[in-house]
Amino acid sequence: MAEKMKVSKRPLKSGEVIDIHGSISLEAAKEIAKFIKKTAAKDDEIYVNLAGVSYMNSAALSVLVQLIRELSEKRITVFFINVHEKIGSLIRIAGLHNVFKILADETEVSERLDRREKNVTV
């Protein structure tokens, strides 16, 4: 039986990280999209941590693609971090590697946020 999906958010420097745990099915992806849209209202970049996700089906992937496109129209970028190898393969096989912005881990997010803060204060 698939692990129940959980979504939470936490601060990281000047941004927020959305942590997802469990398997992502179509219904779970819809819940995630709603959660991200609420968080996105106040940010121009969203960081979604998939470290706790080892499975995502293609229907869920399509929901996330739609979310990325909707937020992109509002000038909000969604970054995915700690993407499991199987999910990364699914993204590449589906030809979506140019749609999904993937960062390796939270260290890369921290460095990105540090650069952004320096650019704002300069």
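The values are calculated or read from the model by the stated rules, or taken from the named source; none is laboratory data. Only a predicted model underlies this, so the values are computations on that prediction, with no experimental measurement involved. Ideal geometry is used to build each Cβ from the backbone, glycine not excepted, and the neighbour counts take in all protein chains shown.
Go over the candidates Glu3, Glu31 one by one and state the one that is acidic (Asp, Glu), assigned to a helix (DSSP H, G or I), over 12 Å from the mean Cα position of the chain (by Cα) and on the phi < 0 side of the Ramachandran plot. Every option except Glu31 fails the conditions. A single member of Ile81, Ile76 is buried (at least 16 other Cβ atoms within 10 Å of the Cβ), at pLDDT 95 or above, β-branched (Val, Ile, Thr) and closer than 22 Å to Thr39 by Cβ, and it is Ile81.
The residues of the range 84-122 that are of a type in the set (A, V, I, L, M), in a loop (DSSP other than H, G, I, E, B) and surrounded by 11 or more Cβ atoms within 10 Å (Cβ to Cβ), listed by number, are Ala94, Leu96, Val99. Would you check if Ala41 is over 25 Å from Thr107 (Cα atoms) and either out of contact with any strand residue (DSSP E or B) (no Cβ under 9 Å at 6 or more places or on another chain) or surrounded by 21 or more Cβ atoms within 10 Å (Cβ to Cβ) (or both)? No: the conditions fail for Ala41.
What's the total number of residues in the range 48-73 that are among the small types (Gly, Ala, Ser) and assigned to a helix (DSSP H, G or I)?
Of all residues in the range 48-73, those among the small types (Gly, Ala, Ser) come to 51-52, 54, 58-60, 62, 72.
Restricting the remaining residues to those that are assigned to a helix (DSSP H, G or I) gives 58-60, 62, 72.
Looking only at that region, the number is 5.
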